[in-house]
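What follows is one structure encoded as structure tokens, with my remarks underneath.
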Amino acid sequence: MMKKLKILAASDIEGDSKAIKRLANTAEKEKVDLVILCGDITSNYETKDLIKPFKDKNKNVLIIPGNHDSFASVDALAEQYQIRNIHGYSTTYEGIGFFGAGGACNLPFFPGDISEKDLFATLKKAHAHLKNIERKVMVTHMHPADSVSEFSGVEGSLAIKKALKEFKPEILIHGHIHEAAGIEQKIQKTRVINVGKEGKIIEI
């Protein structure tokens, strides 16, 4: 029987070092294999001690930027702590492919603003190296268009909706809409989860 991969996914930390320490403790207690942070990790470009608690507990970490993060600050975090920023990239764990694109659309006054066109192109580029991988997890900051997170009044991304249809990931992990944290739904055959600041344990 294939071993399940245990993931702790969270989003919208926004520079809260206490929340990061709590999540790192959860990752250790739950013996997770992988930690995924779905953007809005930093606040006002502050990155101090936002990854170190996970590294201190020897956890593998994947990150993407959100609308509050500059793309450069997330690249710097990845380089500093030798973790993977999968904005436009992919990686595999236990035969499962992870690919992603961060930022959010139609937010021109935020450092992580990205157009729908560029968001889809980034997801397509990230997915390109996973063509022979059957089981895939897509990681975004934004929610897809026509998802339940739109109850917030914030429209979702048409690019992410298109990517779900084309790339058929088993799971989509995202954040962005704080009041929708923990909400889960099925879109086509994809399990779509808004993981939120408190984080969510996902087994795949």
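Being under 21 Å from Asn67 (Cβ atoms) and hydroxyl-bearing (Ser, Thr, Tyr) is the filter here; which residues of segment 83-118 pass it?
Once the filter is applied, which keeps residues that are under 21 Å from Asn67 (Cβ atoms) and hydroxyl-bearing (Ser, Thr, Tyr), segment 83-118 yields Tyr89, Ser115.
Each row is one residue, and each column tells you yes or no for (1) modelled with pLDDT of 95 or more; (2) buried (at least 24 other Cβ atoms within 10 Å of the Cβ); (3) touching a Ser or Thr at 6+ places or on another chain (Cβ under 9 Å); (4) under 30 Å from Asn106 (Cα atoms).
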site	(1), (2), (3), (4)
Ser11	yes, yes, no, yes
Ala27	yes, yes, no, no
Asp40	yes, yes, yes, yes
Val61	yes, no, no, yes
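Applying the selection to segment 83-128, what residues are modelled with pLDDT under 95 and in contact with a Lys or Arg (Cβ under 8 Å, 6 or more places away or on another chain)?
Correct list: Glu94, Gly95.
Please note which strands (runs of 3 or more DSSP E) are completely contained in segment 99-204 and include at least 2 residues that are among the charged types (D, E, K, R).
184-187, 200-203
Restricting attention to segment 96-130, which residues are within 17 Å of Thr190 (Cβ to Cβ) and surrounded by fewer than 19 Cβ atoms within 10 Å (Cβ to Cβ)?
Residue satisfying the conditions is Lys124 alone.
For segment 72-95, check the following and say yes or no: at least one residue is in contact (Cβ under 8 Å) with a residue 12 or more places away in the chain, surrounded by fewer than 21 Cβ atoms within 10 Å (Cβ to Cβ), within 15 Å of Ile13 (Cβ to Cβ) and hydroxyl-bearing (Ser, Thr, Tyr).
yes
Yes/no matrix, rows are residues, columns are (1) polar (S, T, N, Q); (2) under 24 Å from Ile41 (Cα atoms):
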site: Phe167; (1), (2): no, no
site: Gly175; (1), (2): no, yes
site: Ala180; (1), (2): no, yes
site: Glu184; (1), (2): no, yes
site: Gln188; (1), (2): yes, no
site: Lys200; (1), (2): no, yes
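Which residue, of Lys31, Lys55, Lys6, Lys59, is of a type in the set (Lys, Arg), in contact with an Asp or Glu (Cβ under 7 Å, 6 or more places away or on another chain) and under 25 Å from Lys136 (Cα atoms)?
Lys6
Considering only segment 170-192, state which residues are in contact (Cβ under 8 Å) with a residue 40 or more places away in the chain and crowded, with 22+ Cβ neighbours inside 10 Å.
Ile173, His174, Gly175, His176, Val192
The values are calculated or read from the model by the stated rules, or taken from the named source; none is laboratory data. Predicted model only: the values in this text are computed from it and were never measured. Note that each Cβ is placed from the backbone with ideal geometry, even for glycine, and that neighbours are counted across all protein chains shown.
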